[in-house]
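Below is one structure; the comments refer to it alone.
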Amino acid sequence: MKEIPVRKIITSLKEPPFSESFSIRNVADLLSGTDMVQELHRHDFFFILALEKGKGDHEIDFTRYEVSDRSVFFMRPGQVHHLKLKAGSTGYLIGFQHDFYNPHDKITSELLREASKKNHCRVDSSRFGKLYNILTGIFLEYTRKQERYRDVIKANLSIFFIELVRSRKNNDSRTDNKSPYAQERFDKFIELLETHIVSQKKVSDYAGMLNLSIYQLNAITKRTVGKTCSNVIDEYIILESKRHLLATSNQINQIAYHLGYDDVSYFIRFFKKHTGHTPDAFRNNLR
């Protein structure tokens, strides 16, 4: 069973204890006058691509985004993407492990969860300038390595996340009537799905992990995304199936077993019910 290709944080500076958990690269230097084409893969770290100028295509979990000026892409560990970035693009590319950004602190964990909730944001020029200045400051700290530069980088990341969330809310004209508690519980539910979906597929499993009743968890998912908890679980299984179908050459039975299905024919019926295609047909059509 081949795993989906996983990329590690790549650094150009030699400082193993820190560089393995955080990196920031200048996009223009990274491209060096040539196009960047990355095949479908996933990361084991958070990935931020903030572009002052940019052209190309970026597909994240099978949703295609056009790369444009003043855009920010934010990916969570485990998501798959395919990036085509044209020469002449400018900006910063950041990668950091979850343990780098104070995971045991509730406030910073919630801020990271909120900032990474959406994969793409187009920012107006004035707000983007503020975001870009923060990233430039982080880049300089990372390059110069003055006293307590790690602390400065973490503090600036928090400011960047706050400003990014503000930018999204400013761009969204819809009134948000969602309960903060419901949103926080839903986000935690998604985190649990990403970790336990292979072995846990029942609503009761996740309700128990969240110390909620099945009724309470269903009420939260309906209020947050307008779907039942079962719908959300099924959608995540289909997403993970698509990731393996397109990012690996594994046989259908191997993918089924990997996702926790002993009955391959049931997995095929389940996939076709939710997508309209068999796994083989889906793989062949998109490739």
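The values are calculated or read from the model by the stated rules, or taken from the named source; none is laboratory data. Everything numeric in this text was worked out from a predicted model, so none of it was measured. Cβ sites come from the backbone with ideal geometry, for glycine too, and all protein chains shown count toward neighbours.
Taking only region 32-89 into account, find how many residues are closer than 20 Å to K130 by Cβ and among the β-branched types (V, I, T).
Residues that pass the stated criteria total 2.
Looking at (1) out of contact with any helix residue (DSSP H, G or I) (no Cβ under 7 Å at 6 or more places or on another chain); (2) over 26 Å from E240 (Cβ atoms), which one does K188 not meet, given that it meets all the others?
(2)
Out of K145, K130, K118, I need the residue that is outside the structural domain of I220 (by TED's automatic domain parsing) and touching a residue at least 60 places away in the same chain (Cβ under 8 Å). Which one?
K145
Go through region 186-227 and report how many residues are under 16 Å from L259 (Cβ atoms) and of a type in the set (D, E, K, R).
Residues flagged as under 16 Å from L259 (Cβ atoms) and of a type in the set (D, E, K, R) within region 186-227 amount to 4.
Could you identify the single residue in L112, L135 that is modelled with pLDDT under 95, in a helix (DSSP H, G or I) and either in the same structural domain as R25 (by TED's automatic domain parsing) or touching a helix residue (DSSP H, G or I) at 6+ places or on another chain (Cβ under 6 Å) (or both)?
L112 is the lone residue from the list that is modelled with pLDDT under 95, in a helix (DSSP H, G or I) and either in the same structural domain as R25 (by TED's automatic domain parsing) or touching a helix residue (DSSP H, G or I) at 6+ places or on another chain (Cβ under 6 Å) (or both).
With (1) surrounded by fewer than 17 Cβ atoms within 10 Å (Cβ to Cβ); (2) at pLDDT 95 or above; (3) among the hydroxyl-bearing types (S, T, Y) as the list, and S249 as the residue in question, which single condition is left unmet?
Of everything listed in (1) surrounded by fewer than 17 Cβ atoms within 10 Å (Cβ to Cβ); (2) at pLDDT 95 or above; (3) among the hydroxyl-bearing types (S, T, Y), S249 misses just condition (2).
Restricting to region 230-240, give me the number of residues that are farther than 13 Å from F270 by Cβ and without any contact (Cβ under 8 Å) to a residue 40 or more places away in the chain.
1
Which one is modelled with the lowest pLDDT, of the residues in region 172-190 that are assigned to a helix (DSSP H, G or I) and over 22 Å from K202 (Cα atoms)?
Step one: filter region 172-190 for residues assigned to a helix (DSSP H, G or I), giving 180-190.
This time we only want the ones that are over 22 Å from K202 (Cα atoms), so: 180-181.
Values: P180: 81, Y181: 86.
Among those residues, the one meeting the criterion is P180.
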